[in-house]
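Presented below is the structure to which this report refers.
The values are calculated or read from the model by the stated rules, or taken from the named source; none is laboratory data. In this text the structure is predicted, and so the values were computed from the model without any measurement. Glycine also receives a Cβ, built like all others from the backbone with ideal geometry; neighbour counts cover every protein chain displayed. Ligands, DNA and RNA are stripped out before the accessible areas are found, and what is left, the full protein with its side chains, is counted by its heavy atoms. Shrake-Rupley method; radii C 1.70, N 1.55, O 1.52, S 1.80 Å.
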Amino acid sequence: MQAIGLCRFSYLAIGGFQVHHDTLEERIDYLYAPDRLEERFRIFETLTLPCLRHQTDPDFELIVVIGDSLPRHHRDRLHDLTSDMPQVQIVSRPPGRQRVTMQNILNAARKDPSQPCLQFRYDDDDAVSVDFVERLRAAVAECDGLVRDNLTVAFDYNRGFVAELGPKGISATDMFRRLYVASLGMYVAGNCKKTIMHFAHSKIDQNMPTVSYTDQPMWVRTHNGYNDSRQKPVEPVPVTPLTPEQEMEFSMRFAIDSDHVRQVFGGP
C-alpha cells in the first residue's frame, strides 16, 4: 500500500497560518527572514530528517512543498540535505489556497487512485519514531474490518515529547496529546479523493473512525522561535535537559543525535 507524507517547508500559502499578514509581501518577509529560515534548516537537519532516514519500513514517499519564490540558495540547501533520501520529492508551487493546493498535490501523488493508500502530514520542525511507517501499516492490518467498511480511517499515536534545541543540546518533557499533526496517519480507500488535508487534524475524529495508540512515545514536537501556533500568548511548557539515558532514548526512538544538535546549533 502506497504511503505518502506531506511536508510544507515555508510554503507561501494563502491562508493556513495562525500568524496573520495583510499582504503576500509581508508573509514573504516573515517566512524568508534569515533568522527564521536558519533555525528551520537547523531543526530540519538535526531532528526532522534523521528519523525518516532510519525508518524500519523505508517504503514511503515524502513530498516537501516549497514556494516558487523561495530564494535559490535556500532551495539548493534543501536539495543538499535530502539528496541521499530517495523517498523525498521537493515540489515547488506558486502561492495558493493552502488546503486546496495540498489536497491536489496528495491526490496527484497517488500512483493508482483505484487502490487504497496511507497518508500523513509532517511538519518541518517535528520528528516521528523510526518505526512510524511500519506501525501505520500494521495498524491498517489490525483494523481490517474497520478499513474495509469505511472510506477513511485515522490512526493517532498520542504520546511523545515537546523539545527545545540549542547549543547545549536538547531539553524536553514527555507529553500526551490527542490528534497532533506528527504521528497522525490516515487510510484512504481506493477511488476516494479525500486526503488528510481535507480535515483539521484536531477534529479528524469528528469525520471518521479514529484508532488511538498510547503504548510508546511516537513523536517529538519542537518549541522554537517561530512556531506558527505559538506566536500568540500561550502557556510555556517546562522542559529539562535530557539525561544521558534520555539522549540514548532519543537516539534509539527518533534517530536524533544530541551531539549533532549541539554542533549544528553552535555548541561546544
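Table: residues versus (1) more than 26 Å from Val220 (Cβ to Cβ); (2) touching a His at 6+ places or on another chain (Cβ under 9 Å); (3) in a strand (DSSP E or B).
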residue	(1), (2), (3)
Leu118	no, no, yes
Asp124	no, no, no
Ala127	no, no, yes
Leu136	no, no, no
Val147	yes, no, no
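Looking only at the range 149-158, which residues are out of contact with any Lys or Arg (no Cβ under 9 Å at 6 or more places or on another chain) and assigned to a strand (DSSP E or B)?
Val153, Ala154
So, Arg42, is that one more than 24 Å from Ala189 (Cβ to Cβ), surrounded by fewer than 15 Cβ atoms within 10 Å (Cβ to Cβ) and in contact (Cβ under 8 Å) with a residue 40 or more places away in the chain or not?
no
With the checklist (1) at pLDDT 95 or above; (2) in contact with a helix residue (DSSP H, G or I) (Cβ under 8 Å, 6 or more places away or on another chain); (3) over 29 Å from Phe254 (Cα atoms); (4) assigned to a helix (DSSP H, G or I) in hand, flag the one item Asn104 doesn't pass.
Every condition holds for Asn104 apart from (2).
Show the residue pairs that are 6+ apart or on different chains and have beta-carbon atoms under 6 Å apart, the first residue being within the range 138-151 and touching a residue at least 12 places away in the same chain (Cβ under 8 Å), the second being among the small types (Gly, Ala, Ser).
Leu151/Ala189
Residue-by-condition table, conditions (1) open to solvent by 30 Å² or more (accessible area, probe 1.4 Å); (2) touching a residue at least 40 places away in the same chain (Cβ under 8 Å); (3) part of a strand (DSSP E or B):
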position	(1), (2), (3)
Lys111	yes, yes, no
Gln115	yes, yes, no
Gly160	no, yes, yes
Cys192	no, yes, no
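Looking at Asp215, Asp156, which is the one that is among the acidic types (Asp, Glu) and farther than 22 Å from Cys7 by Cβ?
Only one candidate passes the filter, namely Asp215.
Name every residue in the range 162-183 that is part of a strand (DSSP E or B) and either β-branched (Val, Ile, Thr) or in contact with a helix residue (DSSP H, G or I) (Cβ under 6 Å, 6 or more places away or on another chain) (or both), in order of residue number.
Val162, Leu165, Gly169, Ile170, Thr173
Examine the range 199-210 for a residue that is open to solvent by less than 10 Å² (accessible area, probe 1.4 Å) and not in a strand (DSSP E or B), and state whether such a residue exists.
Yes.
Among the residues of the range 88-102 satisfying the criterion of being open to solvent by less than 30 Å² (accessible area, probe 1.4 Å) and in contact (Cβ under 8 Å) with a residue 40 or more places away in the chain, which is farthest from Thr23 (Cα to Cα)?
Ranking the candidates gives Met102 first.
Name the residues in the range 117-139 that are open to solvent by 30 Å² or more (accessible area, probe 1.4 Å) and among the aliphatic types (A, V, I, L, M), would you?
Ala138
Does Val128 fit the bill of being touching a helix residue (DSSP H, G or I) at 6+ places or on another chain (Cβ under 6 Å) and aliphatic (A, V, I, L, M)?
Spelling it out, Val128 is indeed touching a helix residue (DSSP H, G or I) at 6+ places or on another chain (Cβ under 6 Å) and aliphatic (A, V, I, L, M).
Residues of the range 62-76 being touching a residue at least 12 places away in the same chain (Cβ under 8 Å) and surrounded by fewer than 16 Cβ atoms within 10 Å (Cβ to Cβ), which ones?
Within the range 62-76, Asp68, Ser69, Pro71 meet the criteria.
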